[in-house]
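Written below as structure tokens is the structure these notes are about.
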There are 2 protein chains.
Amino acid sequence: MNRIVFTFIAALGFVPALGQHSSAQDDPLPSWEDGAAKKSIIGFVTKVTEKRGARFVPPMERIAVFDNDGTLWAEQPFYFQGFYVLDRVRALAPQHPEWRDKQPFKAAIENDMNTLMASGLQGLIDLVMATHAGMTTEEFGSTVKDWLATARHPKFNKPYTDLAYQPMLELLAYLRTNDFKTYIVSGGGIEFVRTFSEEVYGIPPEQVIGSSIVTKYKVQDGRPVLVRESKLDFFDDNEGKPVGINKFIGRRPLAAFGNSDGDFQMLEWVTSGTGPRFGLIVHHDDAVREFAYDRASIVGKLDRGLTEAPNHGWTVVSMKKDWKRIFPFEPMK
Amino acid sequence: MNRIVFTFIAALGFVPALGQHSSAQDDPLPSWEDGAAKKSIIGFVTKVTEKRGARFVPPMERIAVFDNDGTLWAEQPFYFQGFYVLDRVRALAPQHPEWRDKQPFKAAIENDMNTLMASGLQGLIDLVMATHAGMTTEEFGSTVKDWLATARHPKFNKPYTDLAYQPMLELLAYLRTNDFKTYIVSGGGIEFVRTFSEEVYGIPPEQVIGSSIVTKYKVQDGRPVLVRESKLDFFDDNEGKPVGINKFIGRRPLAAFGNSDGDFQMLEWVTSGTGPRFGLIVHHDDAVREFAYDRASIVGKLDRGLTEAPNHGWTVVSMKKDWKRIFPFEPMK
């Protein structure tokens, strides 16, 4: 076909334009390999959006929920919010001389991870409350933003917000183009995730669900504030995820995306609804480009989900095989 | 001007078309009298939506919050959810012979309002839990829907869902036309309000915030459900309203609409933000077309708000003077 004839036919829309740039425009998921995972996603979206199709779902009901840690951004060697806690303990230590001899604060200051882990759940809660409570919501938000602007990931030496997964960013955009409302449903702190969700994922704060501590309304010197208190309000993980989804959204989403057993009940709840539903698990099996972990991991353990995914019809994504690149800063494979 | 010339000019868009139907199309708030209240609403919306204006607010940040009882629909002689509680107690009474001799159930069954009121807060909580807990979220939702389809208001003899205020329906639509996201922030039950919010107000379930009881995730006979438990989760009134707004929305709305002192802190929180803000109180002063009540009322008491509105710059709407009609079924005044 000569160039002029081709251009003419292309202009009529009969053939896709050539070139890598143009084909990326046509392909909504350019960082996904053409395999079963990508096919299942596009098949599902096509099915529920075809106006005269038997499985058409009106735009108002198109809701997709995403876990954050390990699903939208990395979570190793530890949840990034955990690094925030440790950095804040060290930053606040000069104002708290008593921490020098008090565990688990001493271990946090000295970066003694073994003692820290041995302090158990109560130790972690003590650290979280010392760094997340006793301030207004505005003060907390701006402290997190300052930290995100300067902190660097220990392996990649990049800001944590650079460690969102490129294929998942494309998936979020693809779903929104198809009139899905995209939500985060995180075991992490709701107000922590909200500080970056809009900028990094295009997800506004009102579409972030997460764990929370109690806040209290007070008028201080004539100025109303919300003060964060040292008391758990809601733990948005495991069985908490469907509870949180029902509380915040009030209807069952069409699609759920997770990576660990903390997402099992969310996936189970979403995909057991009537009509077309979609469940997907991101499997971390790329030790070279990211991290490889599943059944035996402490952070982001994926055991039951991996075993039961086939019974539920959930798509399991191999980061190694299904993703051409993992982070936006990487070149395409 | 002869008819043909007029039609030609009108077709070019130079003059508005004549007739009541068309002028209603031009006026976004046709049930509002042309007075200070209407002017303040339109002035605020114009200010924040004018692209090159000094007070322009991007669409993403345009959030408006509305109280429900007494602001979007009526609340006298008692909150409509209270009638649901009483009707449900009576409907369930045959399965609970023990209620015949047990207060406050006996009083509810016998419609003995004095004894019922004397049972105090704990009595009311007992009735709410007996009618709102011990079932799945789906069962609760469908029971409420069945009730709304058949129950009638004691004064107006209309379904409760017919008792939404026409001027407020126009206001919701006007704000949405101007890219506002409209939320309900109700002291009433979140799952109760969600059963009708989309149909009556065009507000989807994920934009309803309200009081809640604890729900628990369970897999029953292989089917995941959320079971409603006899335990308060969150009380979304007074100081709870800004807390609920921050929890669900995560940013401060631009505008708040209420009618009672239960909305005071919501109005205070919203209108004390930086940049353009708007607060409005609906004052029930029309005993003929609706009800007249304020400082001395048990239901929907408005005392502090009425006193302090001028200091905060809040618009106070007189239902009698500012609204041409109150309910959609009424003719225009």
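The values are calculated or read from the model by the stated rules, or taken from the named source; none is laboratory data. Computed from a predicted model, the values in this text were never measured in an experiment. Ideal geometry is used to build each Cβ from the backbone, glycine not excepted, and the neighbour counts take in all protein chains shown. Protein only, heavy atoms only, side chains kept; ligands, DNA and RNA dropped before computing areas. Shrake-Rupley method; radii C 1.70, N 1.55, O 1.52, S 1.80 Å.
Overview of results
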{"item": "Residue match in the stretch A:253-275 (condition: of a type in the set (Val, Ile, Thr) and within 16 Å of the chain's Cα centre (by Cα))", "result": "no"}
{"item": "Filtered residues of the stretch A:261-318 (kept if within 19 Å of A:Glu239 (Cα to Cα), of a type in the set (Gly, Ala, Ser) and not in a helix (DSSP H, G or I))", "result": "A:Ser272, A:Gly273, A:Gly279, A:Gly300"}
{"item": "Conditions (1) touching a residue at least 12 places away in the same chain (Cβ under 8 Å); (2) open to solvent by 20 Å² or more (accessible area, probe 1.4 Å); (3) out of contact with any strand residue (DSSP E or B) (no Cβ under 6 Å at 6 or more places or on another chain); number of the one not met by B:Phe235", "result": "(3)"}
{"item": "Selected residue (only one of B:Gly240, B:Gly300 is among the small types (Gly, Ala, Ser) and touching a Ser or Thr at 6+ places or on another chain (Cβ under 6 Å))", "result": "B:Gly300"}
{"item": "A:Gly70 vs. criteria touching a residue at least 24 places away in the same chain (Cβ under 8 Å), open to solvent by less than 40 Å² (accessible area, probe 1.4 Å) and either touching a helix residue (DSSP H, G or I) at 6+ places or on another chain (Cβ under 7 Å) or small (Gly, Ala, Ser) (or both)", "result": "yes"}
{"item": "Residues of the stretch B:278-293 satisfying the condition of being among the aliphatic types (A, V, I, L, M) and open to solvent by less than 10 Å² (accessible area, probe 1.4 Å)", "result": "B:Leu280, B:Ile281, B:Val282"}
{"item": "Unmet criterion (only one of (1) closer than 30 Å to A:Gly313 by Cα; (2) more than 10 Å from every other protein chain (Cβ to nearest Cβ)) for A:Arg252", "result": "(2)"}
{"item": "Breaking point among (1) outside any helix (DSSP H, G or I); (2) more than 10 Å from every other protein chain (Cβ to nearest Cβ); (3) within 25 Å of A:Asp303 (Cβ to Cβ), for A:Leu232", "result": "(3)"}
{"item": "The stretch B:265-277: number of residues that are surrounded by 24 or more Cβ atoms within 10 Å (Cβ to Cβ) and more than 9 Å from chain A (Cβ to nearest Cβ)", "result": "3"}
{"item": "Evaluation of A:Ala256 against (1) assigned to a strand (DSSP E or B); (2) open to solvent by 20 Å² or more (accessible area, probe 1.4 Å) (one fails), failing number", "result": "(2)"}
{"item": "Per-region count, the stretch B:195-223, residues open to solvent by less than 30 Å² (accessible area, probe 1.4 Å), at the interface with another protein chain (Cβ under 9 Å from one of its Cβ atoms) and out of contact with any strand residue (DSSP E or B) (no Cβ under 7 Å at 6 or more places or on another chain)", "result": "3"}
{"item": "Long-range neighbours under 6 Å by Cβ, at least six apart or interchain, first residue closer than 26 Å to A:Val45 by Cα within the stretch A:279-302, second open to solvent by less than 10 Å² (accessible area, probe 1.4 Å) and hydroxyl-bearing (Ser, Thr, Tyr)", "result": "A:Val282/A:Thr71"}
{"item": "Number of the exception - A:Pro58 against (1) within 14 Å of chain B (Cβ to nearest Cβ); (2) under 23 Å from the mean Cα position of the chain (by Cα)", "result": "(2)"}
{"item": "Residue in the stretch B:244-263 that is free of Cβ contacts under 8 Å to residues at least 40 places away in the same chain and β-branched (Val, Ile, Thr) present", "result": "no"}
{"item": "Number of positions in the stretch B:146-158 that are open to solvent by 20 Å² or more (accessible area, probe 1.4 Å) and touching a Leu at 6+ places or on another chain (Cβ under 7 Å)", "result": "1"}
{"item": "Boolean, A:Gly53 is exposed (fewer than 15 other Cβ atoms within 10 Å of the Cβ) and either under 23 Å from the mean Cα position of the chain (by Cα) or under 17 Å from A:Trp314 (Cα atoms) (or both)", "result": "no"}
{"item": "Criterion: open to solvent by 20 Å² or more (accessible area, probe 1.4 Å), hydrophobic (A, V, I, L, M, F, W, C) and out of contact with any Asp or Glu (no Cβ under 8 Å at 6 or more places or on another chain) - qualifying residue of B:Ile245, B:Ile298", "result": "B:Ile298"}
{"item": "Lone qualifier among A:Thr177, A:Thr136, A:Thr143, A:Thr161 - being open to solvent by less than 20 Å² (accessible area, probe 1.4 Å) and either touching a Pro at 6+ places or on another chain (Cβ under 7 Å) or among the β-branched types (Val, Ile, Thr) (or both)", "result": "A:Thr136"}
